[in-house]
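So the structure is just underneath, and the comments pick up after that.
The values are calculated or read from the model by the stated rules, or taken from the named source; none is laboratory data. Everything quoted here is computed from the prediction, not taken from an experiment. Here Cβ is always computed from backbone atoms with ideal geometry, including for glycine, and neighbour counts include all displayed protein chains. With ligands, DNA and RNA removed, areas are computed over all heavy atoms of the protein, side chains included. Shrake-Rupley method; radii C 1.70, N 1.55, O 1.52, S 1.80 Å.
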Amino acid sequence: VFGLLSILLIYILANLLFKDSKIGHLASLVTALSPWAIQYSRQSVETGSALCLFLLALCLFLRQKIPLSALFFGLATAAYSPMKLFVPLFLIPLYLIHHTLYDRKQWLTYGLVFSLIFVPIVWDGVFGHSGQRFRELSIVTDPVTASVVNQRREYQMLSSGVPRVVGLSPRVIEKVIYNKPVTWTQTLIDNYFHTFSTQFLFTRGDTELRHSPGKESLGMLYLIESLPLLLGILILFSGLKTNSYKLIAMWLILAPIPASLTRWDNPHAARLLILLPALILTISLGLSKLKRPLLLSYCFLFLVSCVFYLTYYFSNYRWESAKPFQWGFDKALSTALSNSNSYDRIILDFHQDSPLMSYLFYTRFSPAQFQKLQPHLTVDLAPGVSGHQFGNLYLLHSGERIWTDIHLTGKNLVIAAANLPRLDLISEKVSRIDYPDSTPAFYIFER
């Protein structure tokens, strides 16, 4: 639903910005067939709802619907964490570009309505629990930064002729050149410019197959879209006296910043989805300047690209992405629950994933009851074998275990991810759960 609404909102927004229905039609067509948009619309994840709320807020802003626009900008920050930073950043150029759109009293009303939603969200993000995920991902909280800085300082000193001694202390020059703020800044810049790499946008996409429209040779945009994108960028930055051009240019510049503050999986297509409408508007602007024969030729090649992509997406991709989409987790849980009365223990080992969230979801475990169990104590079954216990079900923490070396008391049924080492050597296998291509996802064996 949010994906479909975004197509309509892109059309409305393009008309409001450019006063040209041709650009609006092109923008809605590009959105409807965009691999990046399709990926998250079909997944039903919060980045799609955040994008839709943001587009609605911007359309309402340009239509001078003050309370509703401020309300939906605030709700966008509640929908997805990167929006907590992007929305207030975006509101600064939005105000500077369109400050004459409202009088002072209207701007104060706008700020008040937005703050009523935004301030509690940010407060909880900084001082409460909702900021835990960002604290885990932030470049500022990266635990390896200190060791990286110390290593770089040591390398510079030794390579410049300082003798190696115990307790080597860095000089002033090493402290100035290599320190945490410099390292964080370098990571931020590196992440930021990788967002605009041809590999991410046009040839490879996100490195995580859950976030990418293809395993290889498919970017987040079609390769053919690189041509109107370049033309649109040239038009944007050559006409920055126009308010709509200024706004889209600032959108392109600001959108990668929240994602660039994270240390893993960059560039990350979900955290960067807010960039997509700015790219689409730029592409549509470029297309609108093409002469009719060129535009028709482009549309033909674009539709050919769509056919290739959609054919792959609804066939090969479903099998290739089975593991990243956690294929078989539901079957593993149902197998465990159906055998719970036949064994002393049912042990679920999902290797690098945790079965806890799947268990809570598929059993419809009461959130209130689960909260009462916190902190949920860890149970140790054997050295290196620990996890959460629910009755005689044991949900192991993520980790690397070698089941041929593990011996347990009683009668146990183990459901273990097939990519754990040496499972092929276990003779007590009961059955297995396969991926769609018939390769094993989980082995089920007695221990």
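For P(r) over Cα pairs in 10 Å bins from 0, in percent, pick the label among (i) 4, 20, 27, 24, 17, 7, 1, 0; (ii) 4, 16, 22, 22, 19, 12, 4, 0; (iii) 4, 20, 31, 27, 13, 3, 1, 0, 0 that corresponds to the value derived from the coordinates.
(ii)
Using every pair of alpha-carbon atoms in segment 11-70, split the distances into 5 Å bins beginning at 0 and state the percent of pairs per bin, rounded to integers.
4, 19, 20, 24, 19, 12, 3
For Leu223 and Ser340, what is the calculated FRET efficiency with R₀ set at 56 Å and r taken between the beta-carbons, to the nearest 0.05?
0.65
Given R₀ = 25 Å, FRET efficiency for Phe314-Thr207 by Cβ-Cβ distance, to 0.05?
Efficiency, from the Cβ-Cβ distance: 0.65.
For the cross-link pairs Lys65/Lys289; Lys372/Lys411; Lys19/Lys289; Lys19/Lys65, which exceed 20 Å when the distance is taken from alpha carbon to alpha carbon?
Lys65/Lys289; Lys372/Lys411
What nm value, rounded to one decimal, do you get for the distance between Val166 and Lys19 when each label is placed 7 Å out toward the C-beta?
Placing both labels 7 Å beyond Cα along the Cβ direction yields 7.9 nm.
Give the long-range amide H neighbours of Leu393: residues separated by 5 or more places, or on another chain, with amide H under 5 Å away, using H modelled in the peptide plane at 1.01 Å from N.
Amide H to amide H, under 5 Å and 5 or more residues apart or across chains, Leu393 pairs with Ile346.
How do 365-373, 114-122 rank on mean C-beta neighbours within 10 Å, highest first?
114-122, 365-373
So what are the ³J(HN,Hα) numbers for segment 206-211, from phi and the Karplus equation (6.51, -1.76, 1.60; θ = phi - 60°), rounded to whole Hz, Gly and Pro as x?
5, 6, 8, 5, 5, 9
What shape does segment 211-317 take by its C-alpha gyration tensor, where a ≥ b ≥ c are the square roots of the eigenvalues and a/c under 1.5 counts as rounded, a/b above b/c as prolate, and the rest as oblate?
It comes out oblate by the Cα gyration axes.
Residue-wise, which Karplus ³J(HN,Hα) couplings in Hz belong to segment 199-205, taking 6.51 cos²θ - 1.76 cosθ + 1.60, θ = phi - 60°, and x for glycine or proline?
5, 5, 6, 10, 10, 10, x
Determine the per residue accessible area of segment 100-195 with all protein chains present and a 1.4 angstrom probe, expressed in square angstrom.
69 Å²
May I ask you to give the percent of accessible area on the chain that is carbon plus sulfur, with a probe radius of 1.4 Å?
With neighbouring chains kept in place, the figure for the chain is 61 percent.
Per residue, how large is the accessible surface of segment 288-447? Use a 1.4 angstrom probe and give square angstrom.
57 Å²
Out of all DSSP beta bridges in the chain, what portion is antiparallel? Express it as a percent rounded to 5.
In the chain, DSSP labels about 70 percent of beta bridges as antiparallel.
Quick check: pseudo-label points 7 Å beyond the Cα along Cα→Cβ at Ser147 and Leu230, how many nm apart are they?
Once both label points are built, they end up 4.3 nm from each other.
For every other residue with a beta carbon closer than 14 angstrom to the beta carbon of Leu223, add +1 if it is Lys or Arg and -1 if Asp or Glu, then tell me the sum.
Taking every Cβ under 14 Å from that of Leu223, the sum is -1.
Reachable aspartates and glutamates from Lys84, Cα under 14 Å, same-chain residues fewer than 8 places away excluded?
Glu46, Asp124
What ³J(HN,Hα) values, in whole Hz, does the Karplus curve 6.51 cos²θ - 1.76 cosθ + 1.60 give for segment 24-33 when θ = phi - 60°, with x put for Gly and Pro?
Once θ is set to phi - 60°, the couplings for segment 24-33 become x, 5, 4, 5, 5, 5, 4, 5, 4, 10 Hz.
Give me the lysines in straight-line cross-link reach of Lys323: C-alpha distance below 24 Å, same-chain residues under 8 apart excluded.
Answer for Lys323, where 24 Å is the Cα cut-off: Lys215, Lys331, Lys429, listed by chain and number.
Give the calculated FRET efficiency between Leu377 and Ile402 to the nearest 0.05, with a Förster radius of 25 Å applied to their Cβ-Cβ distance.
With a Förster radius of 25 Å, E is 0.50.
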